[in-house]
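Comments concern the structure below.
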Amino acid sequence: MNWTNTLMTFRLKLKLPESVLVWLHRGIPILFLVLVISIAGYELHQLDFHTIRLTLNALNPSSLVAVQLVAFVGMLVMGMYDWQAARTLRLPVGISTLLRNAWIANSFNNVVGLSGMAASGIRLLLLTAQQVSTSTAAALAGLIMLSVPVGLSVLSWPALMLTLPGTEQLPVARWVLLLVLGIFALYLPVYAVVLHRGSLKRITGSLPPLSLSTLAALIAISTLDWLFAAATAWLAVDISGASIPWMVFLTAFVLACTLGIVSLIPGGLGVFDAALFMLLAPATDKQASLISGILVYRLCYFLIPWFIGLYLGAGRLMATRTIQYFALEEFSRENRWLALLRPPLNLLASLGVRVLAYLTFFAGGILLVSAAFPALVDRFSVLHDFVPLGIIELSHLLSVATGVLLIALSRGIAGQVRIAYRLTLLLLLAGVAFSLLKGIDYEEAVLLAGIALLLRLERQRFYRTDFPLFNTRKLRWLVGLVFAVIGFAWLGDWVHGTIPLGWERLSHFAAHAEAPRFARSLLVAAIMVLIFLSWTLFRRPPVAVSCADAEELAEAQAGLERHGGTSFSQLVFLGDKRLFWSTQRDAFIQYGLIRDRMVALGDPCGNAAASESLVLAFREYADRHSLTACFYEVEETALHRYHDAGFALFKLGEAALVDVNAFTLSGKPSASLRHSFNRAKREGVQFQWLENPLSPANWQALRAVSDDWLRKGKAVEKAYSLGAFSEVYLARSDIAVVTVNERIVAFASLMPDYTRHRELSIDLMRHNEDAPTGTMDYLFVNLIEYAKEQNYTFFNLGMAPLSGVGDSPYARRVEKIARLAYEYGNRYYHYKGLRSFKEKFHPQWRSSYLAYPILTPLPALLVDIAALIAGSYRHIFFRTE
């Protein structure tokens, strides 16, 4: 029984909020893990872990090879699912391709779990990449996902009839265990009836009714699959020295598997192991051997096949965020069957080289765990005969330093940073040498070499030059580093007792002085953490690009005068943005930096022919530095270039463009505006232009108006996408003022589009609190008339935020939320009031968009952009008094 699928199905049927499913999915595994591990903890506490370690090291290599061969045969048996399903669906895919896909999917599923959905998601990605239709690939993946548990259902029937002495130790009543087994046993007839009748065709659309012979074949394959898994575990326990009758072991294995599946924990990790241990502990007096056997089973059936799956999947699953993923993710929104697979698809989208990052972290952890335990006496004696003690001690300390650095660099591996890859590869190879020189730990040396090989196979994935200093993801990795070292200290304290401190104990060197050796290694680990944290805090930012200086601004102005600009081109002269130039330096993108965001303002400025390649180059540049590239307020006429570069789009609002040739104050539609305009005239207001350079008196008057406006609105000066009061900046603009009795009561600066001469835009506009009613209407009417005189086509009144966002019933959820803010958030921002004010001028409304990478969380990005405009996060969350 697939409980994850059951939860998803209930959500679809009952229309439960996704958050409920998320909490169920998180809560059930934690509950099971706490219950089972807490009970097993008492039994495990009585075990001698040194004995377990000795048992593992004493295993006969030929016996381990036999266990591994049985595990490999079991993995190949799992490939028969794909072969039979492909025959049933008449899928034209070769047997070698099917077996490779099956190994990759099943090995990952053993580790990732999700009740079979991870394997289904991987099969979908692999098959659709091999030109198999999405519906057919979904049918094959779904049929296999439904068929895998049926073998466990077959084996649940005899398990119901046998009594295990260890069941009373489990943290659940016996009747609950029987109920769980009974439900699994009933899955067999339900599976046969549903698939024979073709009841799922309405959901899948491509899965036909199955014949009895096909059902029998799938049931036989599944039963054989589970028997080989049980045989692998039984043989692993047997070679470890714990002899248990086959039927007793099989019954315990089936019950432990059911509990592992119900727990929803990937691979049943912890729950399956603890349950199997408690069920079998009464059947043997060699409990250390039982634990060793379970660990060998995990190694041979889970870990080693997964390493092979990683190798086979090189160049396939390592390419993260593939086109196939996005196509499937979108298709799953429309298909109920694929909707069940959206969680693993979301997981797989972020898997890719992140697997290598986890392996790097794991490799560092292995080195620390190994250093916490004493070296095996027989191996150390052989080593000491040939290697000086000083080399052994140094190798032990360097292995700890290597482990800490590998954990620290795992974040860089996840970020696909080139220098992190090179250092990690070097450290892994060094770790191989140190593992051998400190205690002939050839097992961990082989493991480190294997991870180094996998890393080397994926070297082309590491193209980034840097990654940001601070973000939430990096913080998680840093916390992981700190906790790993704390765990290292705890483990060493548990193994060696009280850690010896003081120079006399730390400086004690002897062949078997294990406690002082660990104390020295702990000191090295702490020092390495401090060094790494200090380097993180004080290293240079990833993109050390300063804002445009006077020389670069002069070059930008020359380019604008030669090729033309956009409605935001004038804002480059605020001097608060960086410039990203085309290779010919005939076009540029102005952008701001905040956290790990490169936020471009508007469309590229300059030569239009260079715009499309410049957008892509900008994104590639950001990606190389592990930064997020986005474009704020791009015009609807240029959306294709952002779509082609892989950006998602979010509508920010609509800009009001007045057709200056059609604008008039005559007629009934303009009655309100005409009345306001005439009233202002009767109040004695006058319109005039200030000539540059402005006199000190004019600057002082404008400053007074600006300060009054800021004080009234309890606001601070903004920038980036909004004009700011700066004499250097405003000296480049035409400034219009409204006066009353020769006193300036309002002003506005304008932004030209340079040679295009199509659109004149309003920039900075402010007025006194005591300005006569209708002053701003009077100012705008005169500016529109001026634009007409200068042969412009449109006058841009600026954007009405969130206007027109989420109107459609098919709008995305985030846009519908934005619509709610527009409708009900006017207490905090005058969304409707701003739209209503601009409507008086009868404008045409042009949509404005944010272009951002598809998987970037939009709410956080919008907050970052708001902080960039406001000047800081404090200014967007707290009003300035």
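The values are calculated or read from the model by the stated rules, or taken from the named source; none is laboratory data. It should be emphasised that the depicted structure is a prediction, and the values quoted were computed from it without experimental measurement. Counting neighbours? That spans all protein chains shown, and the Cβs are built from the backbone with ideal geometry, glycine included. Accessible surface is based on the protein model in full, side chains and every heavy atom, while ligands, DNA and RNA are left aside. Shrake-Rupley method; radii C 1.70, N 1.55, O 1.52, S 1.80 Å.
Listed values, structure above:
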item	result
Cα→Cβ-extended label distance, 7 Å offset, between LEU426 and LEU178, nm	6.6 nm
Distance in nm between pseudo-label sites at ASN791 and LEU530 (7 Å out along the Cβ direction from Cα)	7.3 nm
Spin-label model distance (nm) - VAL482 vs VAL194, 7 Å beyond Cα toward Cβ	4.7 nm
Net length gained if the chain between TRP490 and GLN688 were fully extended (0.36 nm per residue, minus Cα distance)	63.6 nm
FRET efficiency for HIS675 and HIS830, using Cβ-Cβ distance with R0 set to 30 Å, rounded to 0.05	0.90
Of all accessible heavy-atom area on segment 586-701, the percent that carbon and sulfur account for (1.4 Å)	48 percent
Flagged links, alpha-carbon separation over 30 Å, of LYS577/LYS714; LYS668/LYS714; LYS788/LYS816; LYS668/LYS712	LYS668/LYS714; LYS788/LYS816; LYS668/LYS712
Accessible area in square angstrom per residue, segment 547-704, 1.4 angstrom probe	43 Å²
Stretchable slack from SER96 to ASP644, in nm (0.36 nm times residue separation minus alpha-carbon distance)	193.7 nm
Three-way shape label, segment 792-852, alpha-carbon gyration tensor, a/c 1.5	oblate
Average accessible surface area per residue within segment 727-797, 1.4 Å rolling probe, Å²	39 Å²
Spatial separation of Cα centroids for segment 406-434 and segment 125-155, in angstrom	36 Å
Efficiency of FRET between ALA129 and ALA216 - r from beta-carbon atoms, R0 35 angstrom, step 0.05	0.65
Largest-first ordering by accessible area, 1.4 Å probe, given options HIS830, HIS757, HIS396	HIS830, HIS757, HIS396
TYR778, TYR463, ranked by accessible area, largest first (probe 1.4 Å)	TYR463, TYR778
Per residue accessible area in Å² of segment 206-284, where ligands, DNA and RNA are left out and the probe is 1.4 Å	27 Å²
